[in-house]
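Each remark here refers to the structure printed beneath this line.
The values are calculated or read from the model by the stated rules, or taken from the named source; none is laboratory data. Not measured: the values here are computed from a predicted model. All Cβ positions, glycine included, derive from the backbone under ideal geometry; neighbour counts span all protein chains shown.
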């Protein structure tokens, strides 16, 4: 699927109304800001100097809040992966004003015209960010892996690191396509697919629905639907491997916090099989849902319909804290393994606490009292912030869709039917890339249809189509 772009009008179409509607506060209390400023010059303590590792970062273009830096190397028949994570534990004092503020925020909220950060930018885009060419405190995960990509040894420790370059996904993908990747990530082209194959063997479920993004473009905004590049997927596998390793550490110690998702129930799987049969897509009886979905061609309309239907397989995600005993549900169905968040502490609250658990456990230490007391509070804090972030993201896209289409009511568009009911369907219009409702008789799922724009209201952010 090629990138699809549509532009709105004047750039003074801001998202301030969304900030007001959702109670988003870009500014920090004075006491929290003072703590953050003081922490900038805080000594990193006695930690090994590993600045000689040629780590690099891969993030969206223009990103300044850089959580991760990586180095993937061949080692004999296997691999060694170094994964440095921003060390927020150095900068946030437990029980302080900044700690209290970030617990309320939960995570960075992203809007097209500027984010509402979890931490003050003096930290998230400065002293704590793994920016290139500067020494930074980090939590360094080191994986020694076999030829098939399975970790045989895992080490996690605090260290000093220095990223040597900042890349974006497109440039790294372009370098791989040209056969000239940076040496620090050259082995990722071998290691990433190995990890993806292991994920399929576990039964991991990944949906390849089109992702809508809103970006600034000159005097307006552009609405973009991009395919996921190989580098995106390979890089994600490094993060997933780290989260799985952290979960294993926690489960062995019987203390920590997991990102959990119940296995799909039999009814949801049966429904997906029924949809596949109705669309004429073969699904061998011995093939797991994850393997079946991974084998679909995301550019085909029937695949888009099945990916949409498969969202029913991934319901009930949450966070599970435990201390002293292993909880009943420990796995994440999407990952098909126990998993936790530790790789984005600049942008997500729970990662700092989960990282501190791993550091304490692997050092053979008891959890500090402040950490043990915080664990039970994290599921509700993260649940609330996840819900808010999802609502803001959807509202931002809805707003731009309405702006883009406001002057085109009555026009017809090509669309794919993703999910259909008796009186309304979910459709994906490819140009401009819009996900919306379409009223009318039951439409055939997984087929291309013509739809007519019936409503596009920027005030209510409502876009609706009817069958043409």
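Any chance you could count how many residues in region 210-237 are at negative phi, more than 14 Å from the chain's Cα centre (by Cα), part of a loop (DSSP other than H, G, I, E, B) and modelled with pLDDT under 80?
Matching residues across region 210-237 total 3.
Residue 182 versus (1) part of a helix (DSSP H, G or I); (2) over 18 Å from residue 334 (Cβ atoms); (3) at pLDDT 95 or above: which is the lone unmet condition?
(1)
Please state which one of 81, 102, 72 is farther than 23 Å from residue 233 by Cβ, assigned by TED's automatic domain parsing to the domain that holds residue 354, touching a helix residue (DSSP H, G or I) at 6+ places or on another chain (Cβ under 7 Å) and at pLDDT 95 or above. Give the steps one after another, and end with the answer.
On the way: 81 fails: farther than 23 Å from residue 233 by Cβ; 72 fails: farther than 23 Å from residue 233 by Cβ.
On inspection, the qualifying residue turns out to be 102.
Mind telling me which of the residues 258, 240 ends up being outside any strand (DSSP E or B), assigned by TED's automatic domain parsing to the domain that holds residue 191, buried (at least 17 other Cβ atoms within 10 Å of the Cβ) and at pLDDT 90 or above?
240
Take the conditions closer than 30 Å to residue 393 by Cβ, at pLDDT below 95 and surrounded by 15 or more Cβ atoms within 10 Å (Cβ to Cβ) and apply them to residue 141. Does it pass?
Details: closer than 30 Å to residue 393 by Cβ: yes; at pLDDT below 95: no; surrounded by 15 or more Cβ atoms within 10 Å (Cβ to Cβ): yes.
Answer is no for this residue.
Please find, among 149, 89, the residue that is part of a helix (DSSP H, G or I), modelled with pLDDT of 95 or more and either assigned by TED's automatic domain parsing to the domain that holds residue 39 or within 23 Å of residue 386 (Cβ to Cβ) (or both).
Going through 149, 89 in turn, the sole match is 89.
Read through the list (1) in contact with a helix residue (DSSP H, G or I) (Cβ under 6 Å, 6 or more places away or on another chain); (2) modelled with pLDDT of 95 or more, then give the number of the only condition that residue 203 fails.
It is condition (2) that residue 203 fails.
Out of (1) touching a residue at least 24 places away in the same chain (Cβ under 8 Å); (2) farther than 19 Å from residue 303 by Cα; (3) out of contact with any helix residue (DSSP H, G or I) (no Cβ under 8 Å at 6 or more places or on another chain), what's the single condition that is false for residue 392?
Going through (1) touching a residue at least 24 places away in the same chain (Cβ under 8 Å); (2) farther than 19 Å from residue 303 by Cα; (3) out of contact with any helix residue (DSSP H, G or I) (no Cβ under 8 Å at 6 or more places or on another chain) one by one, residue 392 breaks only (3).
Sort out which residues of region 409-442 are outside any strand (DSSP E or B) and either modelled with pLDDT under 90 or in contact with a helix residue (DSSP H, G or I) (Cβ under 8 Å, 6 or more places away or on another chain) (or both), and write them in order of number.
Residues satisfying the conditions are 421, 422, 430, 431, 432, 433, 440, 441, 442.
Which residue out of 408, 442 is touching a strand residue (DSSP E or B) at 6+ places or on another chain (Cβ under 6 Å), closer than 19 Å to residue 457 by Cβ and surrounded by fewer than 16 Cβ atoms within 10 Å (Cβ to Cβ)?
None of the others qualify; the one that does is 408.
Yes or no: region 361-384 includes at least one residue that is in contact with a helix residue (DSSP H, G or I) (Cβ under 7 Å, 6 or more places away or on another chain), under 26 Å from residue 213 (Cβ atoms) and either surrounded by 14 or more Cβ atoms within 10 Å (Cβ to Cβ) or at pLDDT 95 or above (or both).
yes
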